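Accompanying notes for the structure given below.
The values are calculated or read from the model by the stated rules, or taken from the named source; none is laboratory data. Computed from a predicted structure; not experimentally measured. Cβ coordinates were reconstructed from backbone atoms using ideal geometry, including for glycine residues, and neighbour counts include every protein chain displayed. In case anyone asks, the SASA skips ligands and DNA or RNA and just uses the protein heavy atoms, side chains included. Shrake-Rupley method; radii C 1.70, N 1.55, O 1.52, S 1.80 Å.
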Amino acid sequence: MIKKKIYKHIAVIPARSGSVGFPKKNQIFFDNTADFLDNLLWLDEIIVTSNDKVVLKKARERKYIDHKRSKVLSKSNVSIKSVFKELVDSLNIEDDVILWLFYLPILYKNISDFEKAKIIIEKPKTNSLCTFIPAKTHPFNTWRYERNKKKLSQYIKNNCFRRQDLPPAWMHYHYVSCFKAKILKKLNSELLNAETYPVFLSDNYAKNLIEIDEPKNYEKWKKINRKLKYSNEKKK
């Protein structure tokens with residue numbers, strides 16, 4: 001009988017300081033994600049990579065691994081892949097470790113979504129996984145404008161004129177995002193490649209995924225959260 005491989009799972013919380021749209025949002029929303037992670041009993045470690053002293057202090061209080069991020073990797077134009085690469089290299093994370101990305105501004109989390117993803121990512125042929133939501137703007141309907149030529153051109157040439165003729169279009173969303181460390185170098189800046197296992201979320205489900213970048217996003221989330229709590233109470 002072939003024994004099932006036992007993987008080590010590490011959650012990574014990236015939380016740089018300096019948010020302009022919603023000041024100190026990572027400090028404010030840290031406990032929301034931390035409380036959720038503390039209920040994922042199969043996580044072996046939780047790493048917080050940040051240049052924010054308050055966030056790092058919160059991490060230490062929870063017995064997480066606090067990783068002080070360098071100034072170079074704390075800039076707004078740094079990719080999440082670069083952050084993970086620095087972590088993997090500096091902490092000597094082994095190839096078969098499964099790394100999970102948790103963005104603090106994404107407040108909605110359903111534990112069953114992560115349990116299902118764990119089963120999928122542990123399969124030998126699955127090296128990365130990410131959730132996808134319906135594209136808000138279909139790529140067939142997008143155009144570029146070259147000012148110097150004063151000319152319009154389609155990003156993707158097509159002649160579709162009916163909505164029902166548009167092929168399905170999806171955009172990645174880091175609600176659930178995980179990968180085996182060995183594949184990191186083959187992923188793009190958003191931790192994806194052509195072999196990434198896609199988990200497609202319905203449009204109704206995607207409405208719960210409000211990323212808090214501005215106060216108005218937070219107000220929208222609070223309304224949705226009240227509805228979710230009310231719905232759960234009714235089920236009971």
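Observations on the structure shown:
- Surface share of carbon and sulfur [accessible, 1.4 angstrom probe, percent] for the range 126-176: 52
- Relative intensity of the range 1-42 on a log10 scale, I(q)/I(0) at q = 0.32 Å⁻¹, equals -1.14, per a Debye sum over C-alpha point scatterers of equal strength in the absence of solvent.
- With contacts taken as Cα pairs under 8 Å at a separation of at least 6 residues, the chain carries a relative contact order of 24 percent.
- Surface composition of the range 1-123: carbon plus sulfur atoms hold 54% of the accessible area, using a 1.4 angstrom probe and ignoring ligands, DNA and RNA.
- The Rg/Rh ratio for the range 3-90 is 0.99, where Rg is the radius of gyration of the alpha carbons and Rh is the Kirkwood radius.
- Dipole magnitude for the range 1-133: computed about the Cα centre from +1 point charges on Lys and Arg Cβ and -1 point charges on Asp and Glu Cβ, it is near 260 debye.
- FRET efficiency, 1/(1 + (r/R0)^6) with R0 22 Å, evaluated for Met171 and Ser79 via beta carbons: 0.80
- Whole-Å semi-axes of the ellipsoid equivalent to the chain (Cα gyration tensor, √5λ, descending): 30, 23, 22
- Each helix, a run of at least 4 DSSP H residues, gives -39500 (n - 2.57); summed and divided by the residues of the chain, these come to -9000 deg cm²/dmol at 222 nm.
- Surface accessible to a 1.4 Å probe, per residue, for the residues of the chain, Å²: 63
- Cross-link reach is defined here as a Cα-Cα straight distance under 14 Å, omitting same-chain residues fewer than 8 places apart; for Lys109 the aspartates and glutamates meeting it are Asp31, Asp35, Asp38, Glu211.
- The alpha-carbon atoms of the range 28-143 define a convex hull whose volume equals 161 cubic angstrom per residue.
- When the C-alpha to C-alpha distance is required to be over 21 Å, the pairs from Lys8/Lys125; Lys24/Lys71; Lys53/Lys118 that qualify are Lys53/Lys118.
- Stretch gain in nm, segment Ser70-Ser202, where the contour uses 0.36 nm per residue and the Cα spacing is subtracted: 43.7 nm
- Hits among aspartates and glutamates - C-alpha to C-alpha of Lys68 under 17 Å, sequence gap 8 or more where chains match: Glu45, Asp52, Glu86, Asp89
- Highest average first, the peptides 202-211, 162-171 ordered by how many other beta carbon atoms sit within 10 Å of their residues are 202-211, 162-171.
- Distance violations [Cα-Cα > 26 Å] among Lys81/Lys222; Lys58/Lys222; Lys116/Lys182: Lys81/Lys222
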